[in-house]
């Protein structure tokens, strides 16, 4: 079986310093992509890029706060200076929050989740489209969640933001299809990442076990499994796919 090629493509990944973002950055760089890793965590981001470069691959780190429009604009300008216009953008940056009933959650929790998980994607998509329009097209891959396609009790702000990401994905896919810009989403369930592991610790062992065992495959997904699908989406093998969300959940929503 041939490996889906991303040779010489410039791929920008937000939230690229850990979890799904880091797994994707490492895999895509190993397949010949020029990767811009963007994250708020400078230490982790620079460490990952150093590791990728030491393996003989191409990557650079740019700090970003996706909830700030100016920070996102600076990121895309720096990325373009480094490797030229982006070919592919993976909007992976995201946060979660402690569970709580909708009426009991503080407004600050809502505003922060929407700012990072939805508005951050909006800012990055706008900058992506601008560069792609001047470069003959491209592909935007938004990381949503299974919480973006069904209910998610006790995490209403997160759920609302991830539903919004699906809406942005579908709308942009139709708007820019004629410009050769594809837009798709990936909807993972519980994946073994620092964010999910922290969440499972917070809800307690009993609830964590229940969440994992509730999956038909009886386990967490692995970041490398999500990265492998993202790598396929980044390749020309997915060239006729746009406006869709790929669900990777071990059968959770079946």
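Structure data summary
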{"quantity": "Residue that is surrounded by 17 or more Cβ atoms within 10 Å (Cβ to Cβ) and modelled with pLDDT under 95, where the choices are 79, 147", "calculated": "147"}
{"quantity": "The stretch 162-180 residues that are on the phi > 0 side of the Ramachandran plot, paired with ones that are surrounded by 13 or more Cβ atoms within 10 Å (Cβ to Cβ) (beta carbon under 7 Å, 6 or more apart)", "calculated": "180/137"}
{"quantity": "The stretch 169-220: number of residues that are in contact with a helix residue (DSSP H, G or I) (Cβ under 9 Å, 6 or more places away or on another chain) and not in a helix (DSSP H, G or I)", "calculated": "17"}
{"quantity": "Qualifying positions in the stretch 47-70 - in contact with a strand residue (DSSP E or B) (Cβ under 7 Å, 6 or more places away or on another chain) and either surrounded by fewer than 15 Cβ atoms within 10 Å (Cβ to Cβ) or assigned to a helix (DSSP H, G or I) (or both)", "calculated": "48, 49, 52, 53"}
{"quantity": "Single residue of 121, 129 found to be part of a helix (DSSP H, G or I), within 21 Å of residue 67 (Cα to Cα) and out of contact with any strand residue (DSSP E or B) (no Cβ under 6 Å at 6 or more places or on another chain)", "calculated": "129"}
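The values are calculated or read from the model by the stated rules, or taken from the named source; none is laboratory data. Every value quoted in this text rests on a predicted model; they were computed, and no experiment measured them. Methodologically, a virtual Cβ is constructed for each residue, glycine included, from the backbone with ideal geometry; neighbour enumeration extends over all protein chains shown.
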